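In what follows, a structure is listed as structure tokens, so that the remarks can point back to it.
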Amino acid sequence: MTVSNTSKRRQPSLAQLRAFSAVAEHLHFRDAAAAIGMSQPALSGAVAALEETLGVTLLERTTRKVLLSPAGERLAVRAKAVLEEVVALLEEAEAVRAPFTGALRLGVIPTVAPYLLPTVLRLVHDRYPDLDLQVHEEQTANLLEGLTTGRLDLLLLAVPLRVPGVVELPLLDEDFVLVTPLGHPLGGRSGIPREALRELNLLLLDEGHCLRDQALDICREAGVGGREGTPVTTTAAGLSTLVQLVAGGLGVTLLPRTAVRVETTRSDRLLTGYFSEPAPTRRIALAMRTGAARRAEYQELAAALREALRPLPVRVLGGDRPAPAVR
């Protein structure tokens, strides 16, 4: 490794820079010493040591006043900037030490964001006002890439992930419901057996959405599709479009309970059916890197979020439950 001549030189100390900056501001040794709480001889010695370290004359001293040399005028600006940066560094370190301050980059999947984010945002606003929450809505694969590379700090998504180096903090389980067009024989019914899916034209999200994969798992468990999988002729990029396709009579779909109120009230041509117990479910969790420096904060946030989510039609979980596969 090559070491530059600059790195070999003696480095000025912060005390020297502080002394010089004070003299440059006050142009008086006694006033400068009082301003930074240093004795006048110590101040004078620090400035002299800085001049020796830099190899330039910074001050023109007379019996009556102190003047900055041409070099002193130029370097006084630099010294002030260095000291300001040191103050900013200390303030940033203090912010880092203080919990729930600074930026938190939260990644959320599209099938969770519209339904749980209002609760998350209210919680952060009310309980953690100094936290700069930055939300990124992306599909699961992109979120995991962002988490593992450090682009994102925390994820809110469906689990299990089974990704090495990622820790899941379970929040809730929620049931899936069947959304049908008006007049459908299963519309509005309770106790629907999963096997009923065998006879239905199920509409799904596009490839890449974890909710699509969960719906396909439910179908396979119900015996739909056989070895070749579930035939899918119509898909949508989002749940809102999917529900409108159902309202138009193109088929039926599965919705998580948290999405029902938002999505089905947009049309009067929809009915909701409920499965018999145990209903198919999905689990939602926060996910963080195993060695996350803010691990304790994320765990506290998860606990607070569980309490905030209780009014929703979900089953809130404890913090130590493992994340099982969708039933």
Determine the shape class of region 1-148: with a ≥ b ≥ c the square roots of the Cα gyration tensor eigenvalues, call it rounded for a/c under 1.5, and otherwise prolate if a/b is greater than b/c, oblate otherwise. prolate
Which Cα, out of ALA34, ALA93, VAL316, lies furthest along the positive dipole direction of the chain (beta carbon charges, K/R +1, D/E -1)? ALA34
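Using the Cα centre as the reference, give the magnitude of the dipole from point charges on the C-beta atoms of the chain (Lys, Arg: +1; Asp, Glu: -1; all else neutral), rounded to the nearest 20 debye.
Numbers: 37 positive and 37 negative charges, 94 e Å.
With Lys and Arg at +1 and Asp and Glu at -1, about 460 debye.
Pull out the extension gain between THR265 and ARG9, defined as 0.36 nm times the separation in residues minus the alpha carbon to alpha carbon distance; nm, one decimal.
Length difference between fully extended and current span is 85.0 nm.
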Just want the answer: with Cβ charges of +1 for Lys and Arg and -1 for Asp and Glu, which residue in ALA71, LEU121, LEU144 is farthest toward the dipole's positive end in the chain? ALA71
Could you state the accessible area per residue of the chain in Å², with a 1.4 Å probe and every protein chain left in place? 53 Å²
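Among bridges DSSP assigns within the chain, what percent are antiparallel (round to 5)? Could you put the intermediate results ahead of the total?
Working: 28 of 42 bridges.
The antiparallel fraction comes to roughly 65 percent.
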Under unit Cβ charges (Lys, Arg +1; Asp, Glu -1), what dipole magnitude, rounded to 20 debye, does region 1-94 have relative to its Cα centre? 480 debye
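Of all beta bridges DSSP finds with both residues in region 6-163, what is the antiparallel percent, to the nearest 5?
Around 25 percent of the beta bridges assigned by DSSP in region 6-163 are antiparallel ones.
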Kindly express, to the nearest 10 degrees and within the range 0 to 90, the angle between helix 210-221's C-alpha long axis and the longest C-alpha principal axis of the chain. 30 degrees
Using a 1.4 Å probe on heavy atoms of the protein chains only, the accessible area for HIS26 in Å², nearest 10, reads 70 Å²
Compute the acute angle (0 to 90°) between the alpha-carbon long axis of helix 113-127 and the principal axis of greatest extent of the alpha-carbon atoms of the chain; round to the nearest 10°. 40 degrees
Quickly estimate the mean residue ellipticity at 222 nm for the chain, helices only: each DSSP H run with n ≥ 4 gives -39500 (n - 2.57), and the total goes over all residues, rounded to 500. -13000 deg cm²/dmol
Of 245-251, 265-271, ordering from highest average Cβ density within 10 Å down gives 245-251, 265-271
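Go through 284-290, 84-90 and give me the packing order, highest mean Cβ count within 10 Å leading. The partial results should precede the final answer.
On the way: 284-290: 20.7, 84-90: 10.6.
Packing order, densest peptide first, comes out as 284-290, 84-90.
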In the chain, taking the dipole from +1 charges on Lys and Arg beta carbons and -1 charges on Asp and Glu beta carbons about the Cα centre, the listed residue (VAL82, ALA22, LEU178) farthest towards the positive end is ALA22
Extension gain LEU89-SER69, at 0.36 nm per residue separation less the Cα-Cα distance, in nm? 4.2 nm
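With charges set only on the Cβ (+1 for Lys and Arg, -1 for Asp and Glu), what does the dipole of region 234-298 come to about its Cα centre, in debye to the nearest 20?
Around 320 debye, computed over region 234-298.
Of the accessible area of the chain, with the probe set at 1.4 angstrom, what percent is carbon plus sulfur?
Details: 9000 of 17270 Å².
That fraction is 52 percent.
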C-alpha long axis of helix 70-97 to longest principal axis of the chain, angle in °: 40 degrees
Any GluC sites (Glu not before Pro) in region 123-228 that lie in a DSSP loop and have at most 11 other Cβ atoms within 10 Å would be GLU207
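The values are calculated or read from the model by the stated rules, or taken from the named source; none is laboratory data. This structure is a prediction, so every number in the text was calculated from the model and none was measured. Neighbour counts run over all protein chains shown; Cβ positions are idealised from the backbone, glycine included. Accessible surface is based on the protein model in full, side chains and every heavy atom, while ligands, DNA and RNA are left aside. Shrake-Rupley method; radii C 1.70, N 1.55, O 1.52, S 1.80 Å.
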